[in-house]
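Take a look at the structure below.
The values are calculated or read from the model by the stated rules, or taken from the named source; none is laboratory data. Computed from a prediction, not measured in an experiment: that's the story for all the values here. Positions of Cβ are backbone-derived with ideal geometry, glycine not excepted, and every protein chain shown enters the neighbour counts.
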Ligand SMILES: [Zn+2]
């Protein structure tokens, strides 16, 4: 108990408690990226698709 689950950003490989599930390019591959990367890739990106948010906390 008390251990925080974290996931690694697929783009910059920083551990984060919240990641955004997005498509970044024409490959239609899903990425899990951190807030910083999300701001970068969502800006002026015609391939950007938002697919939800991953959070470390479990659903109840
Ligand atoms: Zn990142």
Exercise. Given (1) out of contact with any helix residue (DSSP H, G or I) (no Cβ under 7 Å at 6 or more places or on another chain); (2) surrounded by 12 or more Cβ atoms within 10 Å (Cβ to Cβ); (3) not in a strand (DSSP E or B), where does residue 21 come up short, assuming only one miss?
Worked result: (3)
Seminar exercise, completed: Among residues of the stretch 1-13 being within 15 Å of the ligand (Cβ to nearest atom) and loosely packed, with under 15 Cβ neighbours inside 10 Å, the residue farthest from residue 56 (Cα to Cα) is 12
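Where residues in the stretch 24-35 are assigned to a loop (DSSP other than H, G, I, E, B) and within 15 Å of the ligand (Cβ to nearest atom), which of them is nearest to residue 3 (Cα to Cα)?
Taking the stretch 24-35 first, the residues assigned to a loop (DSSP other than H, G, I, E, B) are 24-29, 34.
Then keep just the ones that are within 15 Å of the ligand (Cβ to nearest atom); that gives 24, 34.
Details: 24: 31, 34: 20 Å.
Only one residue tops the list, namely 34.
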Exercise. If you go through the stretch 36-52, how many residues are under 20 Å from residue 5 (Cα atoms) and exposed (fewer than 12 other Cβ atoms within 10 Å of the Cβ)?
Worked result: 1
Seminar exercise, completed: Over the stretch 45-60, the set of residues more than 9 Å from the chain's Cα centre (by Cα) and either within 11 Å of the ligand (Cβ to nearest atom) or modelled with pLDDT under 95 (or both) is 55, 56, 57, 58, 59, 60
